[in-house]
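Participant: So that we are looking at the same thing, I have put the structure below in structure tokens.
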Amino acid sequence: MNKELNVKPIVSDKPYSVSIEMRPLWRICLILVCVSVVSGDKKYLNSKKVNILVWMLIRKNRWQEYEDYLLSRSENVPLVSIDTATFKAIELSIAKGFLSLENDRIFVTESGEELFSLLVENNIMDEEVCFLKKLGKKLSDNKVKGLTGGIK
């Protein structure tokens, strides 16, 4: 019964690629795009809205479902969850000076505006920008409440 197992760990030098969704710079850029496009001149958004918008942007295959909900063509509430990777990217963005946080509002700094300008000038994240221009402002406080189960 007391057999000793000799387990030898195998360590591989093969590189393991990190999926794009988990890369901080990509997510930081998504956050900047969300705040810059949806907020307009005020250059800030509530952190819950940012989390929801980033969640939606990452899931392109469900954009039609989100559009139907945001435009009230469907009463089916799409699944949206808290994404800790987005919050970590917000922390990194603040540390790097792209964003600032005050009273649960995420503000774009001058450095963040410069990075956003680079994205636009180089046609990076064009589909995401178009999605947000079309639907981002439709994410009202009531829609946020519906998506988060009544928590505002």
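Participant: Enumerate the whole-percent occupancy of each 5 Å bin, from 0 to the last occupied one, for all C-alpha pair distances of the chain.
Facilitator: Histogramming the chain at 5 Å steps yields 2, 9, 17, 20, 18, 11, 7, 4, 3, 3, 3, 2, 1, 0, 0 percent.
Participant: Could you list, bin by bin from short to long, the percent of Cα-Cα pairs of region 100-140 in 10 Å steps?
Facilitator: 25, 40, 33, 1
Participant: Sticking with this structure for a sec: Compute the helix-to-body angle for 84-96: its Cα long axis versus the longest principal axis of the chain, expressed 0 to 90° and rounded to tens.
Facilitator: With both axes taken from Cα atoms, the answer is about 70 degrees.
Participant: Which of L139, N61, S81 sits closest to the plus end of the dipole of the chain, meaning its Cα is farthest towards the positive end, when Lys and Arg get +1 and Asp and Glu get -1 on the C-beta?
Facilitator: About the Cα centre, the residue reaching furthest to the positive side is S81.
Participant: Beyond a 18 Å Cα-Cα separation, which of these cross-linked pairs lie in this structure: K60/K88; K49/K88; K43/K145; K49/K137? Mind dumping the intermediate values first?
Facilitator: Values: K60/K88 22 Å; K49/K88 16 Å; K43/K145 22 Å; K49/K137 10 Å.
Violating the 18 Å limit, Cα to Cα: K60/K88; K43/K145.
Participant: List every residue whose amide H lies under 5 Å from the amide H of I106, counting only residues 5 or more places away in sequence or on a different chain, with H placed 1.01 Å from N in the peptide plane.
Facilitator: L45, N46, S47
Participant: Still on this model: Between I82 and V7, what is the label-point separation in nm under the 7 Å Cα-to-beta-carbon projection?
Facilitator: 3.2
Participant: Return the calculated 222 nm mean residue ellipticity for the chain, to the nearest 500 deg cm²/dmol, obtained by summing -39500 (n - 2.57) across DSSP H runs with n ≥ 4 and dividing by the residue count.
Facilitator: So the calculated ellipticity at 222 nm is -15500 deg cm²/dmol.
Participant: Helix 24-39: angle to the longest alpha-carbon principal axis of the chain, degrees 0 to 90, nearest 10?
Facilitator: 10
Participant: Normalised by the residues of the chain, what does the relative contact order come to in percent, with Cα pairs under 8 Å and at least six apart?
Facilitator: 29
Participant: Angle, helix 126-135 long axis vs. longest principal axis of the chain, Cα atoms, 0 to 90°, nearest 10?
Facilitator: Compared with the principal axis, the helix lies near 50 degrees.
Throughout, read-outs are computed from the coordinates displayed, never taken from laboratory work. Computed from a prediction, not measured in an experiment: that's the story for all the values here. No Cβ is skipped: glycine too gets one built from the backbone with ideal geometry, and neighbour counts run over all protein chains shown.
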